[in-house]
Amino acid sequence: MDAFVASTLLVALAEIGDKTQLLSFVLAARLRRPWAIIAGILVATVLNHALAGWVGTFIADFMSPETLRWVTGVVFIAFGLWTLKPDELDDDEAPQAGSGSAFITTTMAFFLAEMGDKTQFATIALAAKYDALFWVVAGTTLGMMLANVPAVLIGEKLATRLPLKAIRWTAALVFVATGVLTLTGIA
């Protein structure tokens with residue numbers, strides 16, 4: 001259960017102001033089909049994070065527990081620093097209305113936007129840290145949904161009211177604290 005809670009918290013915080021959350025705002029504004037967009041985000045996230053989680057467990061099988069502890073600790077600290085850099089969504093990355101169904105457009109756009117994203121790498125690290133692939137994928141998926149469903153439902157109005165800088169700093173501190181606790185063997 002620790003894997004589920006940690007995965008949910010870390011990804012939900014890291015996702016605030018992330019490129020894929022910005023994509024959620026854009027999809028909501030352009031496609032105007034919130035439930036199809038939410039379903040597409042869910043499918044894309046499950047697929048992407050299942051793949052990332054599998055990679056994390058695969059990596060963990062080849063490292064000693066001590067090496068894995070150091071690698072994941074340093075990676076979490078790096079994610080904390082990476083979280084401080086706000087993401088931007090380029091116009092050429094944003095899907096246009098009329099480019100297929102909202103569900104298919106969202107699923108494809110979200111899956112591709114998550115490739116190489118900090119939440120995908122966080123999923124890899126979390127799966128490597130915890131020996132609980134299902135709970136990590138379930139937690140990271142829930143974290144993504146907690147951050148992106150409000151973005152789809154409320155759209156731009158929410159983006160202008162959230163203290164994104166404070167949320168980014170909180171997420172960064174959580175990642176760094178997780179890294180430090182991992183390095184010290186406490187977590």
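The values are calculated or read from the model by the stated rules, or taken from the named source; none is laboratory data. The shown structure was predicted, so the numbers you read here are calculated from the model rather than taken from an experiment. For neighbour counting, all protein chains shown are included, and Cβ atoms are generated from backbone atoms with ideal geometry for every residue, glycine included.
Which is at positive phi and either within 16 Å of the chain's Cα centre (by Cα) or at pLDDT below 90 (or both), of GLY179, GLY116, GLY143?
On the way: GLY179 fails: at positive phi; GLY143 fails: at positive phi.
Only one candidate passes the filter, namely GLY116.
Just give me the residues in segment 76-97 being part of a helix (DSSP H, G or I), modelled with pLDDT of 70 or more and either surrounded by fewer than 18 Cβ atoms within 10 Å (Cβ to Cβ) or under 15 Å from the mean Cα position of the chain (by Cα) (or both), in sequence order.
The first filter runs over segment 76-97 and keeps only residues part of a helix (DSSP H, G or I), leaving 76-83, 91-93.
Now restrict to residues that are modelled with pLDDT of 70 or more: 76-78, 80-82.
Hits for segment 76-97 are PHE76, ALA78, GLY80, LEU81, TRP82.
Quick check on ALA52: is it among the aliphatic types (A, V, I, L, M), under 14 Å from GLU15 (Cα atoms) and either modelled with pLDDT of 75 or more or under 13 Å from the mean Cα position of the chain (by Cα) (or both)? Spell out how you get there, then give the answer.
Details: among the aliphatic types (A, V, I, L, M): yes; under 14 Å from GLU15 (Cα atoms): no; either modelled with pLDDT of 75 or more or under 13 Å from the mean Cα position of the chain (by Cα) (or both): yes.
Judged against the criteria, ALA52 is not a match.
One line per residue, one yes/no per condition, for (1) in contact with a Gly (Cβ under 7 Å, 6 or more places away or on another chain); (2) modelled with pLDDT of 80 or more:
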residue	(1), (2)
ALA12	yes, yes
LEU23	no, yes
GLY56	no, yes
GLY73	yes, no
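Go through segment 141-156 and give me each residue that's closer than 25 Å to PHE58 by Cβ and buried (at least 22 other Cβ atoms within 10 Å of the Cβ).
If we filter segment 141-156 for residues that are closer than 25 Å to PHE58 by Cβ, which is where we start, we get 141-144.
The answer is THR141, GLY143, MET144.
Would you please name the residue that is farthest from the chain's Cα centre (by Cα), looking only at residues in segment 129-140 that are among the aliphatic types (A, V, I, L, M), part of a helix (DSSP H, G or I) and surrounded by fewer than 23 Cβ atoms within 10 Å (Cβ to Cβ)? I'd like the intermediate steps shown before the answer.
Filtering segment 129-140 for residues among the aliphatic types (A, V, I, L, M) gives 132-133, 136-138.
Filter once more, so that each one left must be part of a helix (DSSP H, G or I): 133, 136-138.
Now narrow it down to the ones that are surrounded by fewer than 23 Cβ atoms within 10 Å (Cβ to Cβ): 133, 138.
Working: LEU133: 16, ALA138: 12 Å.
If we take residues in segment 129-140 being among the aliphatic types (A, V, I, L, M), part of a helix (DSSP H, G or I) and surrounded by fewer than 23 Cβ atoms within 10 Å (Cβ to Cβ), then LEU133 is farthest from the chain's Cα centre (by Cα).
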